[in-house]
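What follows draws every value from the coordinates through simple rules; no lab data is involved. Here the structure is a predicted model, which is why all the values come from computation and not from measurement. Positions of Cβ are backbone-derived with ideal geometry, glycine not excepted, and every protein chain shown enters the neighbour counts.
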Amino acid sequence: MPAFVVGFELEGHSARGLVQQLAPQLPSFVTVHEHQYGGYSCLQKWLLGATLCFAHNVDRAHGRVPLDALRLGLMALGELGADEVPSHAIHPEVAWLKDLTGTYGQPFDEMDRKLLAETIADAVPGLPPIEEAVEALVHFAPGAPEALLQWRIFTCSSEELRELGDWTFEEARPSNESEWTEERVRELQALGQSASLGPLRTFLLWESSD
């Protein structure tokens, strides 16, 4: 992270069972996230879809502000951000993002949400509007994000591991060779319809401050 996930939100109480049920029909480029967000509230959200990491796509976005600047700005908000991203490395256009950290799960106010939308659009023009935003998790309005076409998709393969955590991730083989295409949009939309997952939408994830 940070990363966009294009896909679906799963109901928390039944997410794991649904994922196991869907596993045989999931396309190879689909990842499931059990994502922590909301700062010190440590809330959890399950997401299923294509994962487009900023780090693998710094050459794919063509906004006024470099995608890598937004990447570093969002990284600095995480629990280890002060150690990973020194303050002098933060681009001035994204420096205000520090106001979005250390929350207790409350939605961002209208001003912060508007500033966040403008900051994201400066790096990745053409995304759907933001519908909801809390620390470390943004929901965009439904619809396939054309702005992300040809972005590289993060996948993780392993002969044995089906679920990766902090201690097992290094045993897998990450890849970003696949791309987000119209064909994959249609695959996910078909999955959403067959499994009653709702409309396809985009999420933005970064590391929560706790």
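Observations
- Over region 24-75, the fraction of Cα-Cα pairs per 5 Å bin, rounded to whole percents and listed from the shortest bin up, is 4, 15, 17, 18, 20, 17, 8, 1, 0.
- Proximity of backbone amide H atoms, modeled 1.01 Å from N, is registered between Arg201 and Gly7, Gly143 at under 5 Å, excluding neighbours fewer than 5 places apart on the same chain.
- Amide H contacts of Phe154 (H built 1.01 Å from N, in plane; Pro and chain starts excluded): Thr51, Leu52, Cys53 sit under 5 Å, all sequence-distant by 5 or more or on other chains.
- Taking the longest Cα principal axis of the chain as reference, the axis of helix 110-123 is set at about 80 degrees.
- Counted over all Cα-Cα pairs of region 2-206, pairs farther apart than 29 Å make up 21 percent.
- With each label modelled as a point 7 angstrom along the Cα→C-beta vector, the Ala55-Gln189 pair spans 3.3 nm.
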